[in-house]
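Asker: My structure is below; once you've seen it, I'll send some questions.
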Amino acid sequence: MMTRFLAALAACLAGLAPLTAAAQTGPLRIEITEGVIEPLPIAIAPFLAEGGAAQALADDITAVVRADLEGSGLFRAISPNAFISPITSFESPVQYADWKAINAQGLVTGAVSVSGDRITAKFRLFDVFSEAPLGEGLQFAGSGDAWRRLAHKIADQVYARITGEGGYFDSRVVFVAETGPKDARQKRLAVMDYDGANLSYLTDASTLVLAPRISRDGRQVLFTSYDSGFPRINLLDTGTLRTRALENQPGSMTFSPRFSPDGGTVLFSLSQGGNTDLYRMPVSGGTPTRLTEAPSIETAPSYSPDGRQIVFESDRSGSQQLYIMPAAGGEARRISFGPGRYGSPVWSPRGDLVAFTKQNQGRFHIGVMRTDGSEERLLTASFLDEGPTWSPNGRVVMFTRETAGAGGAPALYSVDITGRNLKRVPTPGAASDPAWSPLLD
Amino acid sequence: MTRFSLLFVLTAAMVLSACTDRFGGPGAGAAGSAAGSASDPSSPAYFQQSVGDRVLFAVDESTLNAAARATLSAQADWLKANRMFTAVIEGHADEQGTREYNLALGARRASAAQEFLIAQGVAPDRLRILSYGKERPIEVCSTESCYAQNRRAVTVLATGAGA
């Protein structure tokens, strides 16, 4: 039963597979019509407060687990008001019939305890119609202010066990927080949880900053800063908030910095005499190595997950298009051939897709294509969508959407790579240039 | 079972030193240190208003049209006659483009203006270029009338040795 259910959900998740209706028998109800999936009903029992924990904390953790799973667009949490047999003990046997009766395909139970400043949250996941646990119970512990991370880790486990894919909830997003009118915009680097919680600012508004990227361990941020008066790439330590310029050749501008997968190398664009090419250098400093030599614009590079190739944009053909070349430079092959212009390519962490910005006939789109350029699919359309960044599991893309006109402002949005579940990512004000971290340790 | 420490301990404390935006901050492009009145032919105000401090470009282009070449020729004459000034040429793009491409495009536009001024006899060491991409629009509507004003290269004067 669960096998069939998993297979059906996996087919939905595959995204690139033709969207045909999944086989349905019995109580398993995953319907796909015109690319819209019916979310899977699951029961998330309110987590129990044990051993000194306040019920409010357990309720908060339950709410975050629920928001994560529902926010993925793949699950619908059944209202606890419909529950027939409330969970009163973490250890007591599950009355499967009571959960079948409300058509819960899965059941999540959990409990939270507190000792000093240490919170422990444990959970179990059950396949209701197979009447069996799905994986073992797990517990996570952390300091008091890390309670949201405990919830995200539980939700990641549930997501991963049911979909067979990695999760993406315990992750961070670095972005540019914007204030002020369009012709006097102020920009600051900020970082937050993937869902907008726990926001903090990394720079003040005194210097224009653009397009940050976050390292795999979350401890470093690369970005473009005008602190010298000219754009140049900087590296910021998220622990100390200290910043240093990586490159500063007089008469040149550097921007578009990207980490290599191992975090040791930075790819970037260097503009000299109006010509922009790609370079790389050690993050620790050193001499830049030139990777492209063309009179055209080469920018917005992104390493493949194995670090062996680079996808980038160039207008060497006369308009912005996407190219892939070896990591050491050399011959590049064009992969974008549709109408319009293509920019800001980002290689999926799974390695199979490139997300990009497409500009065509006055509209902007976020899209994905395979790394050979085939199977291009546009996920969004608006006045101005740009700058995709991948979720840790390669299933969701976050990007900037800017509205038109004098009062126009940017905001962060995310969309599933199937094109479903488009939604705004909550930020306190205008926001742009998101960069999604890998799953945290 | 699994224990983890909180890696992301971020404080909101700002340790970055405040930096002065040498180029006038938002809407940079006006000669911020304009001394003297526009009636004084050697004043930055005169340069800005009577000579013309900016040239405009077509969509996704960095080619100088006849009007741009005329303005830059007048700028070159003025710079050759007022040698206490150096200049930073700021390249800009309209909002219809991706952020980093527009940075590169702005650099291309600024460079086109710089090359023209050098060809007209302005000493190369008096000129630097800078790109703001689409970050500093002067017009805020989302139609071609505004975009045309934002696709620009602005010659911003400064005094002192070495631009």
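The values are calculated or read from the model by the stated rules, or taken from the named source; none is laboratory data. Computed from a predicted model, the values in this text were never measured in an experiment. Backbone-built Cβ (ideal geometry, glycine too); neighbour counts: all protein chains shown. Side chains included, ligands, DNA and RNA excluded: accessible areas come from the protein's heavy atoms. Shrake-Rupley method; radii C 1.70, N 1.55, O 1.52, S 1.80 Å.
Asker: If you find the alpha carbon centre of the stretch A:424-441 and of the stretch A:168-237, how far apart are they in angstrom?
Answerer: 10
Asker: Right, here's the next one. Which whole-number value in Å² is the accessible area per residue of the stretch B:44-159, probe 1.4 Å? Intermediate results must be reported in sequence, preceding the final value.
Answerer: On the way: 3890 Å² over 116 residues.
Accessible area per residue, the stretch B:44-159: 34 Å².
Asker: Considering protein heavy atoms only and a 1.4 Å probe radius, which residues within the stretch A:402-441 exhibit an accessible-area decrease of no less than 10 Å² in the full assembly relative to the chain by itself?
Answerer: Checking the loss per residue gives A:E402, A:G405, A:A406, A:D433, A:L440, A:D441.
Asker: How many percent of all Cα-Cα pairs in the stretch A:297-441 sit more than 24 Å apart?
Answerer: Here the long-distance tail beyond 24 Å is 28 percent of all Cα pairs in the stretch A:297-441.
Asker: Further question on the same structure: Could you identify which residue out of A:I214, A:I78, A:I233 has the top mean-square fluctuation in a GNM of chain A using Cα springs shorter than 10 Å?
Answerer: A:I78
Asker: Within the stretch A:180-242, which trypsin sites (Lys or Arg not before Pro) sit in a loop by DSSP and count at most 13 neighbouring Cβ atoms inside 10 Å?
Answerer: Numbers: sites: A:K182, A:R185, A:K187, A:R188, A:R213, A:R216, A:R219, A:R232, A:R242; in loops: A:R185, A:R216, A:R219, A:R242.
Those satisfying the criteria are A:R242.
Asker: Something else about it: Enter the Cα centre distance for the pair the stretch A:265-340 and the stretch A:56-113, rounded to the nearest angstrom.
Answerer: What the calculation gives is 48 Å, centre to centre.
Asker: Go through B:N102, B:L130, B:T159 and say which Cα lies farthest out towards the positive end of the charge dipole of the stretch B:44-159; charges sit on Cβ, +1 for Lys and Arg, -1 for Asp and Glu.
Answerer: Positive-end residue among those listed: B:T159.
Asker: Let me ask you something else. Considering the alpha-carbon set of the stretch A:238-308 alone, what are its Rg and its Dmax in angstrom?
Answerer: 12.6, 40
Asker: Starting from the Cα of A:N81, move 7 Å in the Cα-to-Cβ direction to define the label point; list residues of the stretch A:53-68 whose amide nitrogen is under 15 Å from there.
Answerer: none
Asker: I would also like to ask the following. Quantify, in whole percent, the carbon and sulfur part of the accessible surface of the protein assembly as shown (1.4 Å probe; protein heavy atoms only). Can you show the working numbers first?
Answerer: Working: 11470 of 22520 Å².
So the carbon and sulfur contribution to the accessible surface is 51 percent.
Asker: Largest first, how would B:C141, B:C146 line up by accessible area (1.4 Å probe)? The partial results should precede the final answer.
Answerer: Values: B:C141 35, B:C146 10 Å².
Result of the area sort, largest leading: B:C141, B:C146.
Asker: Under a Cβ-only charge scheme (Lys and Arg +1, Asp and Glu -1), can you give me the dipole magnitude of the stretch B:31-110 about the Cα centre, in debye to the nearest 20? Numbers along the way, then the final one.
Answerer: On the way: 7 positive and 9 negative charges, 58 e Å.
That gives a dipole near 280 debye.
Asker: Only protein chains counted, 1.4 angstrom probe. Which residues of the stretch B:80-110 are at least 30 Å² less accessible in the assembly than when their chain is isolated?
Answerer: Those are B:E95, B:Q96, B:T98, B:R99, B:E100, B:Y101, B:L103, B:A104, B:A107, B:R108, which lose 30 Å² or more relative to the chain on its own.
Asker: Take the cross-link list A:K187/A:K358; A:K100/A:K122; A:K122/A:K187; A:K153/A:K423; A:K153/B:K134; A:K423/B:K134 and give me the ones stretching past 31 Å between alpha-carbons.
Answerer: Working: A:K187/A:K358 25 Å; A:K100/A:K122 23 Å; A:K122/A:K187 40 Å; A:K153/A:K423 22 Å; A:K153/B:K134 39 Å; A:K423/B:K134 26 Å.
Long pairs (Cα-Cα over 31 Å): A:K122/A:K187; A:K153/B:K134.
Asker: Roughly how big is the B-A contact, given as buried accessible area in Å² (both sides, 1.4 Å probe, nearest 100)? Please report the intermediate quantities before stating the final value.
Answerer: Working: alone 9590 and 18360 Å², together 22520 Å².
Answer for the B-A pair: about 5400 Å² buried.
Asker: Still on this structure: Would you kindly compute the Cα radius of gyration of chain A and its largest Cα-Cα separation (Dmax), both in Å?
Answerer: 23.3, 73
Asker: Same structure, new question: To the nearest 20 Debye, how big is the dipole of the stretch A:255-338 about its Cα centre, given +1 on the beta carbon of each Lys and Arg and -1 on that of each Asp and Glu? Please list the in-between numbers first.
Answerer: Values: 7 positive and 8 negative charges, 11 e Å.
Its charge dipole is roughly 60 debye.
Asker: Roughly how many debye, to the nearest 20, is the charge dipole of chain A about its Cα centre, given +1 on each Lys and Arg Cβ, -1 on each Asp and Glu Cβ, and no other charges? Numbers along the way, then the final one.
Answerer: On the way: 41 positive and 45 negative charges, 110 e Å.
Charge dipole, chain A, about its Cα centre: 520 debye, nearest 20.
Asker: How much area per residue is accessible in the stretch A:33-148 when the probe is 1.4 Å and only protein heavy atoms are counted (Å²)?
Answerer: 42
Asker: Across peptide A:198-208, what mean number of C-beta atoms from other chains lies inside 10 Å of a residue's C-beta? The partial results should precede the final answer.
Answerer: On the way: counts 2, 2, 6, 5, 5, 3, 6, 2, 8, 7, 9.
Mean partner shielding for this stretch: 5.
Asker: Which net charge results for the neighbourhood of A:P428, defined as the other residues with beta-carbon distances under 12 angstrom from its beta-carbon, given Lys and Arg at +1 and Asp and Glu at -1? Show your work: numbers first, answer last.
Answerer: Numbers: positive: A:R188; negative: A:E178.
Overall, the nearby charge balance is 0.
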